[in-house]
Amino acid sequence: MRQQLAQLVASKGITDEKVLDAIRKIPRHLFMDSSFEDHAYQDKAFPIAADQTISQPYTVAFQSELLQVKRGAKVLEIGTGSGYQTALLCELGARVYSVERQQELFKKTKRFLENIGYRPRYLSFGDGYKGLPQFAPFDRILVTAGAPFVPQALLGQLKVGGRLVIPVGKDSQIMTLLERTSEREFHKTEYGEFRFVPLLEDRN
Ligand code: SAH
């Protein structure tokens with residue numbers, strides 16, 4: 001089923017073999033509520049705890065491909081959620097730092113990733129708008145929730161030469177790549193439209 005999911009994602013235009021290999025490897029059904037387990041290898045988003053979602057595999061693959069992660073790269077992820085994207089970044093050999101604002105999900109996913117043997121460098125309970133200044137700068141930054149604007153703190157925590165992938169917009173989002181070309185300059189490229197749960201500012 002994983003093989004078929006990777007094929008489906010490839011048929012939609014993903015060509016990065018390392019990303020496809022990771023999809024072939026990661027047991028997505030374990031990242032989901034058991035009531036959705038039977039659907040885990042469909043190319044769909046599903047509800048997880050705390051009213052959040054595990055992103056659609058195509059979306060995860062699209063963002064991961066765009067990020068161009070090299071082995072050993074220091075990557076900041078905003079929105080740990082189920083941990084599926086975190087696991088994929090680990091499979092790509094990244095040193096992963098991930099932030100989640102929902103305490104319930106943070107705790108659950110931290111325990112879960114440990115149990116199935118994924119070892120992100122650091123999982124943080126906090127507000128992704130602020131990034132993780134204590135570990136900055138990062139080679140890559142990936143936002144996995146819909147951001148109404150690009151948070152200034154994240155731009156500041158990106159290395160020169162680094163890439164920030166962020167879906168920008170309210171109801172639907174434009175996938176946006178920001179490459180930091182110098183201390184002061186960023187080069188922006190926009191990709192298609194996607195739908196994410198919102199990147200929320202206040203903790204509840
Ligand atoms: N990468 C996840 C996607 C989960 S959906 C996965 O593969 O499952 C987006 C996640 O972003 C949710 O878990 C949500 O709680 C979280 N989120 C929303 N606003 C946030 C913020 N300000 N800081 C950190 N995480 C946030």
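The values are calculated or read from the model by the stated rules, or taken from the named source; none is laboratory data. Source: prediction; values computed, not measured. Here Cβ is always computed from backbone atoms with ideal geometry, including for glycine, and neighbour counts include all displayed protein chains. With ligands, DNA and RNA removed, areas are computed over all heavy atoms of the protein, side chains included. Shrake-Rupley method; radii C 1.70, N 1.55, O 1.52, S 1.80 Å.
Against the condition within 11 Å of the ligand (Cβ to nearest atom), aliphatic (A, V, I, L, M), in contact (Cβ under 8 Å) with a residue 60 or more places away in the chain and open to solvent by 60 Å² or more (accessible area, probe 1.4 Å), how does Leu142 come out, does it pass? Here the answer is no, as Leu142 does not meet what is asked. Inclusion of Ser82 among residues that are of a type outside the set (Lys, Arg) and open to solvent by less than 20 Å² (accessible area, probe 1.4 Å) is warranted. Evaluate the range 146-153: report whether one residue or more is closer than 17 Å to Leu76 by Cα and more than 17 Å from the chain's Cα centre (by Cα). Yes: the range 146-153 contains one or more residues that are closer than 17 Å to Leu76 by Cα and more than 17 Å from the chain's Cα centre (by Cα). Of all positions in the range 188-197, none carries a residue that is on the phi < 0 side of the Ramachandran plot and touching a Lys or Arg at 6+ places or on another chain (Cβ under 8 Å).
Matching residues to (1) in a strand (DSSP E or B); (2) closer than 14 Å to Val60 by Cα; (3) of a type in the set (Phe, Trp, Tyr); (4) modelled with pLDDT of 95 or more:
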residue	(1), (2), (3), (4)
Phe149	no, no, yes, yes
Ala153	no, no, no, yes
Val160	yes, no, no, yes
Arg163	yes, no, no, yes
Pro167	yes, yes, no, yes
Asp171	no, no, no, no
Met175	yes, yes, no, yes
Glu183	no, no, no, yes
Lys188	yes, no, no, yes
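Taking the range 86-97 as the range and being in contact with a strand residue (DSSP E or B) (Cβ under 8 Å, 6 or more places away or on another chain) and buried (at least 24 other Cβ atoms within 10 Å of the Cβ) as the test, the residues that pass are Thr86, Leu89, Ala94, Val96, Tyr97.
Looking at Pro148, Pro120, Pro167, Pro133, just one residue is over 27 Å from Asp51 (Cα atoms) and within 15 Å of the ligand (Cβ to nearest atom), and that residue is Pro133.
Pairing each residue of the range 154-179 that is free of Cβ contacts under 8 Å to residues at least 60 places away in the same chain and under 16 Å from Thr144 (Cβ atoms) with any residue that is basic (Lys, Arg) and open to solvent by 30 Å² or more (accessible area, probe 1.4 Å), provided the two are 6+ apart or on different chains, yields C-beta distances under 6 Å for Ser172/Arg195; Leu178/Lys188. Contact annotation: residue pairs with Cβ atoms under 7 Å, 6 or more positions apart or on different chains, pairing a residue in the range 58-69 that is within 17 Å of Glu193 (Cβ to Cβ) and within 10 Å of the ligand (Cβ to nearest atom) with a partner that is open to solvent by 10 Å² or more (accessible area, probe 1.4 Å) and part of a helix (DSSP H, G or I), are Val60/Gln85.
Checking Glu65, Glu104 one by one, the residue that is acidic (Asp, Glu) and within 24 Å of Asp139 (Cα to Cα) is Glu65 and no other.
Filtered by the rule that a residue be under 12 Å from the mean Cα position of the chain (by Cα), surrounded by fewer than 19 Cβ atoms within 10 Å (Cβ to Cβ) and within 12 Å of Leu88 (Cβ to Cβ), the range 23-70 gives a lone residue, Glu65.
Within the range 98-116, track down each residue that is over 19 Å from Asp33 (Cα atoms) and open to solvent by 20 Å² or more (accessible area, probe 1.4 Å). Once the filter is applied, which keeps residues that are over 19 Å from Asp33 (Cα atoms) and open to solvent by 20 Å² or more (accessible area, probe 1.4 Å), the range 98-116 yields only Arg101. All told, Ala73 falls short of being over 11 Å from the mean Cα position of the chain (by Cα) and within 11 Å of the ligand (Cβ to nearest atom).
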